[in-house]
Amino acid sequence: MQLRADRRALHRIPELDRTLPETMAYIQKALKGLNCTLFAPMESALCAWFDFGRPEAIAFRADADALPITERTGAEYASRHPGNMHACGHDGHMAVLLELARRLSGKDTLPHNVLLVFQPAEETTGGAKDICETGIFEKYGVTAIFALHLWPGLAPGVVASRKNELMARSCEVTVDIYGKSAHIAKAAEGRDALAAGVELYRRAMEMERSLPDTIFRLLKFGKFQSGTVRNALSAHTHMEGSLRAFQDDVFAFLRDGLQAIGRDIGQDSGCTVDIHMSEGYPAVLNPAGLYDRVRECVDFVPLDAPSMTAEDFAWYQRCISGMFFFLGVGDTPALHADTFDFDEAILVKGADFFEKLAENFR
């Protein structure tokens with residue numbers, strides 16, 4: 001089966017970020033000879049344009065970059081690039097789109113034209129945003145874009161999605177608190193950065209819990225380091241965490257509230273409190289109207305709750321209407337695990353789903 005062959009060939013050559021020469025060469029070779037026009041909208045990206053003579057088009061996207069992980073699957077098709085691995089299923093995403101391309105190439109007519117997008121840097125700096133800025137969607141009359149992600153824990157081959165909130169807006173939070181060390185016997189002469197950090201953590205959790213349970217959000221810290229010895233006040237506390245939400249006003253409430261807590265603690269403790277938050281990705285929000293249109297032409301399982309993970313597909317949804325799906329891979333290791341692998345038979349379900357969507361979406 002060519003779909004399996006594509007996935008395994010791509011799995012062997014994982015590349016990072018925006019440096020994807022082997023990956024792009026493989027995709028270009030696989031698409032060459034099909035009834036489509038190939039072009040590169042930007043570095044380390046490739047598009048395939050299927051023109052059915054319609055005034056409007058829809059698009060499908062696959063992410064092409066891998067992760068800086070040393071593979072431990074033991075598979076015969078394991079990574080040939082030491083330290084790099086397709087541990088998030090992007091090799092599967094590309095294989096699905098290549099199979100879709102072969103099927104589209106054999107069709108005489110569709111209700112719209114189709115643009116396939118293979119993009120870099122989903123795992124790093126958000127290649128989707130750069131794709132949007134090239135203007136290709138306006139140039140080719142694209143009115144909607146679709147993508148899927150392999151999803152552990154969801155039954156094999158099941159396609160699922162959700163109206164509105166699906167994946168979270170995220171940013172990484174880094175806190176550095178600088179105090180003054182002193183022997184604990186003379187604690188009054190110092191400024192306790194550890195105590196300031198504990199208080200910041202307490203107030204941050206209290207703020208997050210003040211929101212209703214009906215609002216999906218997350219503010220957590222996974223790293224807290226402070227002090228050097230048991231009998232001296234800490235001069236420095238370092239904290240690392242993550243802030244995630246779906247609505248921009250909820251995100252702003254938590255972001256601004258955390259900054260305000262930092263300022264208050266700095267004044268109360270005499271410590272210097274620096275809080276840095278990365279830009280991150282927006283939330284993946286499936287528009288209700290588009291969701292209903294898709295629901296009329298193809299079957300999928302509706303999800304009860306969103307995922308708190310993030311995806312740069314959100315940038316496409318800020319540019320044009322877009323909908324994101326999960327494709328179940330069953331009981332596998334987690335995404336980003338160095339043992340992540342899956343049964344390639346499920347990829348056919350993804351290609352079938354996209355083909356039906358391309359045929360019936362109006």
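Return the loop-located chymotrypsin sites (Phe, Trp or Tyr not before Pro) in the stretch 17-84 (DSSP other than H, G, I, E, B) with at most 12 other Cβ atoms within 10 Å of their own Cβ; answer none if there are none. Walk me through the numbers before you get to the answer.
Values: sites: Tyr26, Phe39, Trp49, Phe50, Phe52, Phe60, Tyr77; in loops: Phe52, Tyr77.
Passing sites in the stretch 17-84 do not exist.
Sorting Thr228, Thr109 by accessible area (1.4 Å probe), largest first, what list results? Don't skip to the answer; put the middle values down first.
Values: Thr228 130, Thr109 85 Å².
The ranking, largest first, comes out as Thr228, Thr109.
For Cα pairs less than 8 Å apart in space and 6+ apart in sequence, what is the mean separation divided by the residue count of the stretch 1-147, i.e. the relative contact order in percent?
Once divided by the residue count of the stretch 1-147, the mean separation gives 35 percent.
Which shape class, rounded, prolate or oblate, goes with the stretch 309-362 when its Cα gyration tensor gives a ≥ b ≥ c as root eigenvalues, a/c under 1.5 marks rounded, and past that a/b bigger than b/c marks prolate? Present the calculation step by step, with values, prior to reporting the outcome.
On the way: a/c = 3.81, a/b = 1.32, b/c = 2.89.
Oblate, because a/c is 1.5 or more while a/b does not exceed b/c.
Quick check for you: which residues of the stretch 1-35 have the amide N under 20 Å from the point 7 Å beyond the Cα of Val348 toward its beta carbon?
From the stretch 1-35, the list is 1-10.
Residue separation times 0.36 nm, minus the C-alpha to C-alpha distance between Thr37 and Ala25: what's the value?
Full extension from Thr37 to Ala25 adds 2.8 nm.
Just to be sure I understand the model, the point goes 7 Å from the Cα along the line to the Cβ. What's the resulting Thr272 to Cys297 distance in nm?
Output for this residue pair reads 5.8 nm.
Just flag the GluC sites (Glu not before Pro) in the stretch 20-112 sitting in loop per DSSP whose Cβ has no more than 15 other Cβ atoms within 10 Å.
Hits after loop and neighbour filter: Glu43, Glu56, Glu76.
Could you tell me the accessible area of Ile136 in Å² (1.4 Å probe, neighbours in place), rounded to the nearest ten?
10
Work out, in µm²/s and without decimals, the Stokes-Einstein translational diffusion coefficient of the stretch 215-255 at 20 °C, 1.002 mPa s, Rh from Kirkwood over C-alpha pairs.
On the way: Rh = 12.3 Å.
Translational D for this selection: 175 µm²/s.
Quick one: compute the contact order of the stretch 202-300, relative version, from alpha carbon pairs under 8 angstrom and 6+ residues apart, as a percent.
21
Could you give the accessible area per residue of the chain, probe 1.4 Å, as a whole number in Å²?
Accessible surface, normalised per residue, equals 43 Å².
Might you list the cysteines of the chain that have no disulfide-compatible partner by the rule of another cysteine's Cβ under 4.7 Å?
Here Cys36, Cys47, Cys88, Cys171, Cys271, Cys297 come out as lacking a disulfide-compatible partner, given the Cβ-Cβ threshold of under 4.7 Å.
Give the peptides 112-121, 298-307, 321-330 in descending order of average Cβ contacts within 10 Å, highest first.
Sorting 112-121, 298-307, 321-330 by mean packing, highest first, produces 112-121, 321-330, 298-307.
Quick one: putting +1 on the C-beta of Lys and Arg, -1 on the C-beta of Asp and Glu, what dipole do you get for the stretch 90-131 around its Cα centre, in Debye to the nearest 20?
Here the stretch 90-131 has a charge dipole of around 220 debye.
For Lys32, list the lysines whose Cα falls under 30 Å from its own Cα; do not include residues on the same chain fewer than 8 positions away.
Lys107, Lys129, Lys139, Lys349, Lys356
In nm, to one decimal, how far is the modelled label at Asn360 from the one at Arg318, with both set 7 Å along Cα→Cβ?
It is 3.3 nm.
Calculate, in nm to one decimal, what Thr143 and Asp264 gain on full extension: separation in residues at 0.36 nm each, minus their alpha carbon distance.
Length gained between Thr143 and Asp264: 38.8 nm.
Quick check on the stretch 184-254: what are the equivalent-ellipsoid semi-axes from the Cα gyration tensor, as sqrt(5λ), descending, whole Å?
Listed largest to smallest, the semi-axes of the stretch 184-254 are 32, 11, 8 Å.
Report the label-to-label distance for Gln225 and Lys107 in nanometres (one decimal), using points 7 Å from each Cα along the Cα→Cβ vector.
5.3
Given C-alpha coordinates of the stretch 243-362, what is the ratio Rg to Rh with the Kirkwood estimate of Rh?
1.11
If you roll a 1.4 Å probe over the stretch 135-262 with all protein chains in place, what percent of the accessible area is carbon or sulfur?
Within the stretch 135-262, the accessible surface is 52 percent carbon and sulfur.
What are the residues whose amide H is under 5 Å from the amide H of Arg169, where those residues sit 5 or more places off or on another chain and H is modelled from the backbone?
Here the answer is Ala245, Phe246, Ala283, Val284, since their amide H atoms fall under 5 Å of that of Arg169.
What length, rounded to one decimal in nm, is gained on full extension from Ser210 through to Ala185, with 0.36 nm per residue of separation minus their alpha-carbon distance?
Full extension of this stretch gives 5.2 nm more.
Consider the candidate values (i) 17; (ii) 29; (iii) 23; state which one is percent of Cα pairs over 37 Å apart computed from the structure displayed.
Read-out taken from this structure: (ii).
Among Asp312, Asp331, Asp268, whose mean-square fluctuation peaks in a Gaussian network model of the chain (Cα, cutoff 10 Å)?
Fluctuation is largest for Asp268.
Using only the alpha-carbon atoms of the stretch 1-152, report the extent along each of the three principal axes, biggest first, to the nearest angstrom.
Extents along the principal axes: 48, 34, 28 Å.
Nearest 20 debye, what's the magnitude of the dipole of the stretch 244-362 about its Cα centre given +1 on Lys and Arg Cβ and -1 on Asp and Glu Cβ?
Details: 9 positive and 21 negative charges, 86 e Å.
Charge dipole, the stretch 244-362, about its Cα centre: 420 debye, nearest 20.
The values are calculated or read from the model by the stated rules, or taken from the named source; none is laboratory data. Computed from a prediction, not measured in an experiment: that's the story for all the values here. For neighbour counting, all protein chains shown are included, and Cβ atoms are generated from backbone atoms with ideal geometry for every residue, glycine included. Only protein heavy atoms, including side chains, enter the accessible area calculation; ligands, DNA and RNA are left aside. Shrake-Rupley method; radii C 1.70, N 1.55, O 1.52, S 1.80 Å.
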